[in-house]
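J.: What follows is a single structure, and I will ask about it in a moment.
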Amino acid sequence: MKLVASIAVFVLYALLSTYGLYKIKAAPEILHPAFVIGFTAYGAGFLVWFYILRTTPLSLAFPVAAGTLILCTTLVGILLLAEKAHVLKLGGVALIVVGIVMVSLGEGR
């Protein structure tokens with residue numbers, strides 16, 4: 001159960017942060033409600049990040065959180081912001097996912 005809870009916290013961090021970044025980027029101006037919503041979501045993601053730092057070894061927390069955030073922001077960019085999905089970009093994201101798995105599995109050794 002602890003593994004599922006840890007994964008859920010990292011996913012929550014990535015989703016809040018990515019959604020916040022998406023809304024901030026999509027807002028036409030800084031006082032627009034979309035910007036405020038995005039800023040709030042990104043701030044909530046930051047609070048989850050603090051929780052991760054307090055409960056997870058830094059050598060695991062940072063690479064997993066950074067990789068998860070890169071994965072989510074790349075998907076949002078491609079799916080919602082019509083950014084190009086080049087083979088090199090997708091290959092890089094795949095390598096990041098492999099790296100997250102390797103770091104996570106190597107933590108217990």
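J.: Within the range 50-62, track down each residue that is at pLDDT 85 or above and surrounded by fewer than 17 Cβ atoms within 10 Å (Cβ to Cβ).
T.: PHE50, TYR51, LEU53, ARG54, THR55, PRO57, LEU58, PHE62
J.: Return the residue satisfying two criteria in turn: it lies in the range 63-85 and is of a type in the set (Ser, Thr, Tyr) and in contact (Cβ under 8 Å) with a residue 40 or more places away in the chain, and of such residues it is surrounded by the fewest Cβ atoms within 10 Å (Cβ to Cβ).
T.: So, considering only residues that are of a type in the set (Ser, Thr, Tyr) and in contact (Cβ under 8 Å) with a residue 40 or more places away in the chain, the one surrounded by the fewest Cβ atoms within 10 Å (Cβ to Cβ) is THR73.
J.: So PHE46 fits all but one of (1) over 21 Å from SER104 (Cα atoms); (2) modelled with pLDDT under 90; (3) within 16 Å of the chain's Cα centre (by Cα); (4) surrounded by fewer than 17 Cβ atoms within 10 Å (Cβ to Cβ); what number is the exception?
T.: Looking at each condition in turn, PHE46 falls short on (2).
J.: Does VAL36 count as at pLDDT 95 or above and more than 12 Å from the chain's Cα centre (by Cα)?
T.: yes
J.: Go through the range 25-41 and give me each residue that's farther than 13 Å from LEU80 by Cβ and either among the basic types (Lys, Arg) or out of contact with any Lys or Arg (no Cβ under 6 Å at 6 or more places or on another chain) (or both).
T.: Within the range 25-41, ALA27, PRO28, GLU29, ILE30, LEU31, HIS32, PRO33, PHE35, VAL36, PHE39, THR40, ALA41 qualify.
J.: Continuing with the same structure: Answer yes if at least one residue in the range 39-57 is out of contact with any Gly (no Cβ under 8 Å at 6 or more places or on another chain) and within 22 Å of VAL93 (Cα to Cα), and no otherwise.
T.: Yes, that holds for at least one residue.
The values are calculated or read from the model by the stated rules, or taken from the named source; none is laboratory data. Not measured: the values here are computed from a predicted model. Using ideal geometry, Cβ is built from the backbone for each residue, glycine included, and neighbour counts are taken over all protein chains shown.
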